[in-house]
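First up is the structure itself, then whatever we jot down about it.
The values are calculated or read from the model by the stated rules, or taken from the named source; none is laboratory data. In this text the structure is predicted, and so the values were computed from the model without any measurement. No Cβ is skipped: glycine too gets one built from the backbone with ideal geometry, and neighbour counts run over all protein chains shown. When the accessible area is computed, the model is the full protein with side chains, heavy atoms only, and any ligands, DNA or RNA have been set aside. Shrake-Rupley method; radii C 1.70, N 1.55, O 1.52, S 1.80 Å.
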Amino acid sequence: MVIQRTFVMIKPDGYSRGLVGEIISRIERKGLRIIGMKLIKMSREQAEKLYSVHRDKPFFKDLVSFVTSGPVVVMVVEGESAVEVMRIMIGSTDGRKAPPGTIRGDYALSIQENVIHASDSPETASYEISVFFREEELVS
């Protein structure tokens, strides 16, 4: 059994559409635990850190503008194989191609407005968690 932590963010479109409760319910019903959670208005600096791997891509500026456009919910989720489990739960980046039953498959409208972000590896999760949380803020 591999207990992991992963970073999850409900994006501005998920917040504005009232999907926070539904998404949190899905995470908890899956058996994962939320050990840190904040409702924030992400700063440009935080957004640029979060998406630093995409800095040289043509969509970087639009992505930063989008995630700073409204409130987001940032979370640390813990559980067995949490990184992989969350990636399966959220579905592919393009909501139009994500299977029904995944969060993006059920709620996403486009590639950019795809409701949710989750770390793609344990290393990325550790980095992304550190952008928004200090260890002492997490409940274990």
Original post:
Given the structure, is Arg87 open to solvent by 80 Å² or more (accessible area, probe 1.4 Å), modelled with pLDDT of 95 or more, within 13 Å of the chain's Cα centre (by Cα) and not aromatic (Phe, Trp, Tyr)?
Top reply: yes
**OP:** Go through the residues of segment 42-65 one by one and say whether even a single one is charged (D, E, K, R) and part of a strand (DSSP E or B).
**Re:** no
**OP:** May I ask you to list pairs of residues, at least six apart or on different chains, whose Cβ atoms are under 7 Å apart, with the first in segment 77-104 being assigned to a strand (DSSP E or B) and the second being of a type in the set (Ser, Thr, Tyr)?
**Re:** Val77/Thr6
**OP:** Mind listing whichever residues of segment 1-21 are open to solvent by 60 Å² or more (accessible area, probe 1.4 Å) and assigned to a helix (DSSP H, G or I)?
**Re:** Tyr15, Ser16
Original post:
Being within 20 Å of Gly14 (Cα to Cα) and in a helix (DSSP H, G or I), is that true of even one residue in segment 112-126?
Top reply: no
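Per-residue answers, yes or no, for (1) open to solvent by less than 70 Å² (accessible area, probe 1.4 Å); (2) within 17 Å of Ser52 (Cα to Cα); (3) free of Cβ contacts under 8 Å to residues at least 24 places away in the same chain:
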{"position": "Tyr107", "(1), (2), (3)": "yes, no, no"}
{"position": "Glu113", "(1), (2), (3)": "no, no, no"}
{"position": "Ala118", "(1), (2), (3)": "yes, yes, no"}
{"position": "Ser126", "(1), (2), (3)": "no, yes, no"}
{"position": "Val131", "(1), (2), (3)": "yes, yes, no"}
{"position": "Leu138", "(1), (2), (3)": "yes, no, no"}
Original post:
What residue, of Pro122, Pro58, is open to solvent by 20 Å² or more (accessible area, probe 1.4 Å) and more than 23 Å from Gln4 (Cβ to Cβ)?
Top reply: Pro58
**OP:** Kindly list, by first and then second residue, each pair from a residue in segment 38-50 that is more than 19 Å from Ser119 (Cβ to Cβ) to a residue that is assigned to a loop (DSSP other than H, G, I, E, B), limited to pairs with Cβ atoms under 9 Å and residues at least 6 apart or on different chains.
**Re:** Leu39/Pro71; Lys41/Thr68; Lys41/Gly70; Lys41/Pro71; Ser43/Thr68; Arg44/Thr68
Original post:
Could you say which residue among Arg33, Arg44, Arg29, Arg96 is closer than 18 Å to Val2 by Cα and open to solvent by 90 Å² or more (accessible area, probe 1.4 Å)?
Top reply: Arg33
